[in-house]
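Scroll down for the structure; my scribbles are underneath it.
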Amino acid sequence: MTQTRQIVDTLKQELRKQGVTYRQVATALDLSEASIKRLFAENTFTLARLEQVCELLHLEVADLVHQMEKNIDLTHQLTLEQETELASDVKLLMMAHFLMNKLEFSEIIEIYDITETEGIRLLAKLDRMKIIELQPGNRVKLMISKNFQLLPGGPIQRFYEKVVQSEFFNSSFRGDGEFRIFVSGMFSRSDNAEIIRKIKRLADDAHDLKADSESLPLSERFGCSLIMAIRPWEVKVFDGMRRVPNQKKF
């Protein structure tokens, strides 16, 4: 379903919800009722006419778009089988990763060792998994919700812990654009909770900045990763020197 069709369907829902008839819409737009029915049937609304109907419904176009997005069945979490398929196929995982970072299909197959035919097969798999919606011309629409989460302890998290995490920390963090800080100390439970809240806010800021960068050409963007973590913990070498094992619970 195209976005035009989706937004017109959402407009129909709002008309029904508010009890507004096609005749009332026709009067507001100074058109015949038959013309209004044809606009809805053929999805041929201009932006100006769409704004007129929204005004009749006391809505902004942005409100209508927001409602449309709520109606779309987005993917919040993959199944165990889907995560297993992703984690076992590096090219499939890489395709999903870069599409979610708003690279074009043509850019991905130009940069990485994936033929167009192979890439289209990968797109079809991601479409079947509802990670993307494959559109004409190998264009894609992301079908991942903003609160998408990996399966706790699932195949992708295990891949991350085994491969990505160790590679990430294998650095002195002294290069351009790199930074590392380690803070350790004795905190109260409330302070621990406050730090977690601040980490979550920073993660939200990072997501917003990533979204801002998505409109830039690929030549002005680069891969960047951020890891933030906190947990009640003591270095093993310290804990091993205790006369009595550390039994303190959080």
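Worth pointing out:
- Residue order, fewest to most surrounding Cβ atoms within 10 angstrom, among C54, C224: C224, C54
- Nearest-0.05 FRET efficiency for D9 and S171, computed from C-beta distance (R0 45 Å): 0.35
- Over the chain, DSSP H runs of length four or greater, each weighted -39,500 (n - 2.57), average out per residue to a 222 nm ellipticity of -15500 deg cm²/dmol.
- Among R128, R121, a tally of other beta-carbon atoms within 10 Å of each Cβ gives an order, fewest to most, of R128, R121.
- Considering only F222, H207, S184, the residue lying farthest towards the positive end of the dipole of segment 171-236 is S184, judged by Cα position with unit charges set on Cβ.
- Fraction of alpha-carbon pairs over 18 Å apart in segment 165-208 - percent: 52
- Extending 7 Å from Cα along the Cβ direction at S225 and again at K70 yields two label points whose distance is 3.7 nm.
- Cα gyration tensor category, rounded, prolate or oblate, for segment 171-236 with a/c compared to 1.5: oblate
- Cβ-defined net charge surrounding H58, 15 Å radius [Lys, Arg +1; Asp, Glu -1]: -4
- Remark: the Cα gyration tensor places the chain in the prolate category, a/c being 1.5 or greater and a/b exceeding b/c.
- Reachable aspartates and glutamates from K91, criterion Cα separation under 20 angstrom, eight or more residues apart if same chain: E81, E83, E104, E107, E110, D113, E116, E118, D127, E133, E161, E167
- Prolate/oblate/rounded label for segment 105-250 (Cα gyration tensor, a/c 1.5): prolate
- Listed from fewest to most Cβ neighbours within 10 Å, the set T27, T117 follows the order T117, T27.
Laboratory data are not the source of any read-out in this text; all were calculated from the coordinates shown. Values in this document were obtained by computation on a predicted structure and should not be read as measured data. Positions of Cβ are generated from backbone atoms using ideal geometry, with glycine treated the same way; all protein chains shown enter the neighbour counts.
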